[in-house]
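Okay, so here's the structure we're looking at.
Throughout, read-outs are computed from the coordinates displayed, never taken from laboratory work. Predicted, not measured: the structure shown is a model, and the values here were computed from it. Counting neighbours? That spans all protein chains shown, and the Cβs are built from the backbone with ideal geometry, glycine included.
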Amino acid sequence: MRISEDLVINSIRKNFPLYIGDDSAVFGGGAGEKMLISTDSLVEGVHFRLRYHSPGSLARKALHQSMSDIAAMGGCPRFLLLSACIPLDFHAEYMDKFITSLCFECEKAGVYIIGGNTTKSYGGLNINSTVIGARGDSVTVRRSGASVGDVLCFVGNAGFAHVGFLALEQNKTSEIFDKFKNTFLWPKALVDEGQFLAGVATAMMDVSDGIFIDAGKMCNESGVGAIIDVRSLLCDLAFQEACDFLCINSEFACVEGGEDYGLLFSVPKALIKQASKNFDKAFGYCFREIGTIKKELGVKIVNNGQDITKFIHPFNHF
Ligand SMILES: Nc1ncnc2c1ncn2[C@@H]1O[C@H](COP(=O)(O)OP(=O)(O)OP(=O)(O)O)[C@@H](O)[C@H]1O
Ligand SMILES: Cc1ncc(C[n+]2csc(CCOP(=O)(O)O)c2C)c(N)n1
Ligand SMILES: [Mg+2]
C-alpha cells in the first residue's frame, strides 16, 4: 500500500463524513452566520527553507495560507491558533522576529490570536496555523457545487510562486525573478475577492497544489469534469521570459505550480458577463475564464485545442 493524501483523507472521511472535503469546515454560528475553520502546516524542508524565508515572510505564509482557505469559502478570517515545534538549538532572534511579524500580519488582517501550543522539535521548525473565520449571511461556497456548463474561472497569478521557488532553488539572482520570488515568499490570501465571489460562484476553492490538481479536487467533489485552456492563463510576458530563463515550459508551469493561493471557481454561464463586469468594478482588475465544466469526469488540459494532459507533472506530497 502506498501512502497518499487521498488515502489518509478518505479513510477518515469514511468514519466522519460530515465536515471533510472543503477548504474549511463549516459549523455553528449565530443567527444567519456560519463559522469556518481550517488548519495548515509549514514543515521546514517540505514547505519552506529557512535560507529563503525571513521571519516576516514565514509569518506571512503561516497566516495567509490558512486565511486563503477561509477566503475560498467566502469567509472573513477572525482568529488564529498557532502551534510551533521549535528545534532545541534554534536561533532565538529568528523566532522572536517571527512572532513579532506574525502579530503585525494579524493586526493588518484583522485577525486575533487566541491560542496555540509550543513545544520542541527533534527535526526542523514546524509551524501549524489554524484560522477561524465567519460568513455573516451564511452564504458559504463549497467545492461540490459546480454544474455542467458552468464557466471555470481563476483569479490570481497561476505559476508565479512555482517560478519564484525554482528561481530560489537555482540561485537565480536576475531581477526578472523578483516578482515571482515575492509571490512565493509573500503570499496574500484573496479575502475580499473570496467574499465577493461567494455571491456568484457555484463552487470555489483556493489553489495550493496547482490548478491541475486542485481543479481535479473540485471536480471530484462536484461529480463533474473540466476542460481548461492553458492559453487563458498565460498573458504575462515576464512570466514567459522567466520560464524561458529557467528552461521550463510556461504552459505546464501555470497549471502545475502551486502556492499562489489564487481562487478557482465556477460561475453559471448566464451570469458570467455580469459577474465579470461587477468584479472588475469592485477590484479594478479581471478574473480569467479558463475553461468549462463538463459531464465527462476528469480534468483535461488543452493548448490551442491540443490535449496536453498527459504531459502534466503535478505536485505530489508523497
Ligand atoms: N489528516 C487529515 N485529517 C482529517 N482531515 C484532513 C486531513 N488532511 C486533510 N483533511 C481534510 O481533507 C479535505 C481536503 O483537503 P485538501 O488538502 O484538499 O484541502 P485544503 O485543506 O484546502 O488544502 P490546502 O491547505 O493545501 O489549501 C479538507 O476538508 C481537509 O480538512
Ligand atoms: C522546500 C520546498 N519544497 C517544495 C515546495 C513546494 N510545495 C510544498 S507544499 C506544496 C503544495 C501545498 O502544500 P499543502 O497542501 O501542504 O498546503 C508545494 C507546491 C516548497 N514550497 N518548499
Ligand atoms: Mg485549500
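Quick notes on this one:
- Comparing 68, 144, 11 in a Gaussian network model of the chain (Cα springs below 10 Å), the most mobile by mean-square fluctuation is 11.
- Dividing the summed helix terms, -39500 (n - 2.57) for each DSSP H run of n ≥ 4, by the number of residues in the chain produces a 222 nm estimate of -10500 deg cm²/dmol to the nearest 500.
- Inter-part distance where the stretch 251-318 and the stretch 57-90 are each reduced to a Cα centre, Å: 25
- Among 75, 258, 110: highest mean-square fluctuation, GNM of the chain, C-alpha pairs under 10 Å: 110
- Take each peptide in 274-280, 98-104, 185-191, 2-8, count the other Cβ atoms within 10 Å of every residue, and average; sorted highest first, the result is 185-191, 98-104, 274-280, 2-8.
- Under the simplified labelling scheme, the residue 27-residue 5 pair shows an inter-label distance of 2.3 nm, with each label point 7 Å from Cα along Cα→Cβ.
- Normalised per residue, the volume of the convex hull around the Cα set of the stretch 110-164 (Å³): 225
- Under 19 Å from the residue 122 label point (7 Å along Cα→beta-carbon), backbone N, the stretch 52-87: 84-87
- Sorted peptide list for 175-184, 40-49, criterion being average Cβ within 10 angstrom, highest first: 175-184, 40-49
- The chain - share of DSSP beta bridges that are antiparallel (%, nearest 5): 70
- Calculated on alpha-carbon atoms, Rg and Dmax of the chain in Å: 19.2, 59
- Cross-link table 97/120; 34/120; 179/310; 14/217, entries beyond 24 Å C-alpha to C-alpha: 34/120; 179/310
- For residue 300, residues with placed amide H under 5 Å, excluding near neighbours: 226, 227, 228
- Springs join every pair of Cα atoms under 10 Å in this Gaussian network model of the chain, and among 17, 87, 77 the largest mean-square fluctuation is at 17.
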